[in-house]
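Novice: I'd like to ask some things about the structure below.
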Amino acid sequence: MKPSAPQTSDDTYYRALFESSLDAVFLTVPDGTIVAANPAACRMFAMSEEEICAVGRDGLIDNTDPNHRRFFEVRKSMGKAHGELIYLRKNGSKFIGDTTSVIVDGGASVFVIVRDVTQEKEAEKALRFTQFAIDHAFVEVYLLTSEYRIVYVNDAACRALGYTREELTQMSVSDIDPWHPRPGDPEHTDNWRMFRETKHCRFETSHLTKDGRVYPVEVRSNHLVFEGREYSCAFCQDITERKRAEETIHQSEEKFRVLAETSPAAIVLHQGEKFIYANPATMRISGYSEAELLDMNFWDRIHADFRDMFREHGLACLRGESAPLQFEQKLTTKTGEERWVVVSEGKIEYRGSPTVIATILDITEAKQAEERISNALAEKVVLLKEVHHRVKNNLQIICSLLDLQSDSIPDERSRSYFRENQDRIRSMALVHERLYKSDDFTSVGLEEYI
């Protein structure tokens, strides 16, 4: 038999309210027996009214919930109670119900109204987590009105500026950024109009702390509209260390620029197969302009006989592989002239990318001088050999003359003097003969000579 619906003095009115309520409504007796349940309750618990009445109050409530006992104790002592309880659906799933329970009819009946607030609680939890995450974010977070009044800041902003949250929410952007345009300035109006159109902006500025210290920040801001009002959600990061690093890099690059531009040697940088820098000496040596050099592959101006080798050296160096750090080769200038150069290569990091720096020294004149010296030395060697050959020949002639002269001397003792002189002259001639046949004119091997 189906339980009876609520009976009051105005049965029609209360029945309509009971049936049309979006919240679950139960009529129970003090022991927890459910007498009636409205359609919203059936939908909420995924049960029919008969099933709800059959399981009763204890079948719908999660009895492991510590709020359960306390809630009913309050209702018993106060006649009514309001709180959040955990309920069970037919499939065993749980949800949070905002519950109001009132004892009526002198304690004979109890009205219970339940609203499913699970999604609201999840949203509140997500909101609290979001709030927690923002408050504990590493970067400074500000929520600003279109007049640049501060309506919210996170903990990082308070720490960075030295103000409390209450102090900052009474201030405007111009209080922490004196260089920022103020409301009413034409620049402020133009900036906000552009911000509204682009929906975001990024720029660098400086913040002024409570104790008067100024530090640089990078600002990334998003345009928001909430309940018809415009806001700017700004994320600011202290870039003091980055600025110092940039200044160090700038000074280093400036030193490199001065060194490179005053160097008599050609200095080039290349990434991949393209030049990214060439100093004035490179232009003087190659005959190409800076624009022409930057538009060509780095091996294009190398002599055809050395091009493959130079390309492999450069790419191997760029990959960090082992390669000769210095080598000689030829390059062809814009006018077609061939010039000898010595190339030194090394790998560096330039603007965040692997880069090869090459120093090219023109040694064409040194090569030419070396060739002239080599030719002169060869001529000198030929001349010295010819001198020794002629001296040896002259001494041989003297020996022959002495030999002819000795034939006309009858006295054997006198002829022996001639022979001794001939031997001495032959000894001297042998020295010149050995020098003539040797590649070293500074000495003669004693053992071989003897």
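The values are calculated or read from the model by the stated rules, or taken from the named source; none is laboratory data. Note that the coordinates shown come from a computational prediction; the quantities given were computed from them, not determined experimentally. Positions of Cβ are backbone-derived with ideal geometry, glycine not excepted, and every protein chain shown enters the neighbour counts. For the accessible areas, the whole protein counts, side chains as well, though only heavy atoms, and no ligand, DNA or RNA atoms are used. Shrake-Rupley method; radii C 1.70, N 1.55, O 1.52, S 1.80 Å.
Novice: Pick from region 76-94 the residues that are basic (Lys, Arg) and open to solvent by 70 Å² or more (accessible area, probe 1.4 Å): which of them is modelled with the lowest pLDDT?
Specialist: The first filter runs over region 76-94 and keeps only residues basic (Lys, Arg), leaving 76, 80, 89-90, 94.
With open to solvent by 70 Å² or more (accessible area, probe 1.4 Å) added as a condition, the list becomes 76, 80, 90, 94.
Details: Lys76: 83, Lys80: 89, Lys90: 88, Lys94: 91.
Among those that are basic (Lys, Arg) and open to solvent by 70 Å² or more (accessible area, probe 1.4 Å), it is Lys76.
Novice: A follow-up question, please. For Ser408, only one of the following conditions fails: (1) open to solvent by 70 Å² or more (accessible area, probe 1.4 Å); (2) at positive phi. What is its number?
Specialist: (2)
Novice: Does Leu293 fit the bill of being in a helix (DSSP H, G or I), at pLDDT 80 or above, touching a Ser or Thr at 6+ places or on another chain (Cβ under 7 Å) and within 22 Å of Arg351 (Cα to Cα)?
Specialist: Working: in a helix (DSSP H, G or I): yes; at pLDDT 80 or above: yes; touching a Ser or Thr at 6+ places or on another chain (Cβ under 7 Å): yes; within 22 Å of Arg351 (Cα to Cα): yes.
In short, yes.
Novice: Tell me which residues, restricted to region 120-155, are assigned to a strand (DSSP E or B), open to solvent by less than 90 Å² (accessible area, probe 1.4 Å) and under 19 Å from Val225 (Cβ atoms).
Specialist: Listed by number, the residues that qualify are Val141, Tyr142, Leu143, Leu144, Thr145, Ile150, Val151, Tyr152.
Novice: Taking into account only those residues within region 27-71 that are closer than 14 Å to Val110 by Cβ and without any contact (Cβ under 8 Å) to a residue 24 or more places away in the chain, which is farthest from the chain's Cα centre (by Cα)?
Specialist: Asp31
Novice: For the condition in contact with a helix residue (DSSP H, G or I) (Cβ under 7 Å, 6 or more places away or on another chain), open to solvent by 50 Å² or more (accessible area, probe 1.4 Å), at pLDDT 85 or above and more than 21 Å from Glu122 (Cβ to Cβ), what is the one hit in Thr33, Thr28?
Specialist: Going through Thr33, Thr28 in turn, just one is in contact with a helix residue (DSSP H, G or I) (Cβ under 7 Å, 6 or more places away or on another chain), open to solvent by 50 Å² or more (accessible area, probe 1.4 Å), at pLDDT 85 or above and more than 21 Å from Glu122 (Cβ to Cβ): Thr33.
Novice: If Ile363 passes every condition in (1) at pLDDT below 80; (2) surrounded by fewer than 16 Cβ atoms within 10 Å (Cβ to Cβ); (3) out of contact with any helix residue (DSSP H, G or I) (no Cβ under 8 Å at 6 or more places or on another chain) but one, which one does it miss?
Specialist: Just one mismatch for Ile363, condition (1).
Novice: Could you please find all residues in region 173-208 being part of a helix (DSSP H, G or I) and open to solvent by 90 Å² or more (accessible area, probe 1.4 Å)?
Specialist: Pro186, Glu187, Arg193, Met194, Arg196, Glu197, listed by residue number.
Novice: Please find, within region 323-360, the residue that is least open to solvent (accessible area, probe 1.4 Å) out of those that are small (Gly, Ala, Ser) and within 19 Å of Leu293 (Cβ to Cβ).
Specialist: First, pick out the residues of region 323-360 that are small (Gly, Ala, Ser): 323, 336, 344, 346, 352-353, 358.
Applying the additional criterion that residues be within 19 Å of Leu293 (Cβ to Cβ) yields 336, 344, 353, 358.
Details: Gly336: 48, Ser344: 37, Ser353: 42, Ala358: 2 Å².
Within region 323-360, the match that is least open to solvent (accessible area, probe 1.4 Å) is Ala358.
Novice: Related question: Can we say Ala16 is over 60 Å from the mean Cα position of the chain (by Cα), small (Gly, Ala, Ser) and in a helix (DSSP H, G or I)?
Specialist: So Ala16 fits the description; yes.
Novice: Just the residues that are under 20 Å from Asn222 (Cβ atoms) and open to solvent by 40 Å² or more (accessible area, probe 1.4 Å), please, taken from region 156-172.
Specialist: Thr169
Novice: Can I ask one more? Name every residue in region 51-75 that is open to solvent by 40 Å² or more (accessible area, probe 1.4 Å) and farther than 19 Å from Val35 by Cα, in order of residue number.
Specialist: Asn63, Thr64, Pro66, Asn67, Arg69, Arg70, Glu73, Val74
Novice: Got a sec? Which of Ile373, Ile398 is open to solvent by less than 80 Å² (accessible area, probe 1.4 Å) and either more than 24 Å from Lys330 (Cβ to Cβ) or modelled with pLDDT of 80 or more (or both)?
Specialist: From the options Ile373, Ile398, the qualifying one is Ile398.
Novice: Which one is farthest from Val29 (Cα to Cα), of the residues in region 95-119 that are open to solvent by less than 60 Å² (accessible area, probe 1.4 Å) and not in a strand (DSSP E or B)?
Specialist: Thr118
Novice: Name the single residue that is farthest from Gly346 (Cα to Cα) among those in region 281-290 being more than 31 Å from the chain's Cα centre (by Cα) and surrounded by fewer than 15 Cβ atoms within 10 Å (Cβ to Cβ).
Specialist: The selected residue is Ser289.
Novice: OK, next. Which ones in region 143-192 are touching an Asp or Glu at 6+ places or on another chain (Cβ under 6 Å) and hydroxyl-bearing (Ser, Thr, Tyr)?
Specialist: Result: Ser146, single match.
Novice: Here is a further query. Would you confirm, using the coordinates I've provided, whether Glu349 is closer than 30 Å to His250 by Cβ, in contact with a Pro (Cβ under 9 Å, 6 or more places away or on another chain) and of a type in the set (Asp, Glu)? Outline the logic, then answer.
Specialist: Details: closer than 30 Å to His250 by Cβ: yes; in contact with a Pro (Cβ under 9 Å, 6 or more places away or on another chain): no; of a type in the set (Asp, Glu): yes.
Taking the combined requirement at face value, the residue does not satisfy it.
Novice: Just for strands (runs of 3 or more DSSP E) wholly inside region 209-276: which have at least 2 residues that are open to solvent by 30 Å² or more (accessible area, probe 1.4 Å) and of a type in the set (Asp, Glu)?
Specialist: Qualifying strands (runs of 3 or more DSSP E): 229-238.
Novice: Going by the structure shown, is Ile409 out of contact with any Ser or Thr (no Cβ under 8 Å at 6 or more places or on another chain), in a loop (DSSP other than H, G, I, E, B) and modelled with pLDDT of 75 or more?
Specialist: Answer is yes for this residue.
Novice: Assuming Thr248 fulfils every condition listed in (1) under 28 Å from the mean Cα position of the chain (by Cα); (2) at pLDDT 90 or above apart from one, which condition is it?
Specialist: (2) is the only condition that Thr248 fails.
Yes/no per residue for (1) within 18 Å of Ile267 (Cβ to Cβ); (2) modelled with pLDDT under 80; (3) among the hydroxyl-bearing types (Ser, Thr, Tyr):
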site	(1), (2), (3)
Ser286	yes, no, yes
Asp308	no, yes, no
Glu312	no, yes, no
Ser322	no, yes, yes
Thr355	yes, no, yes
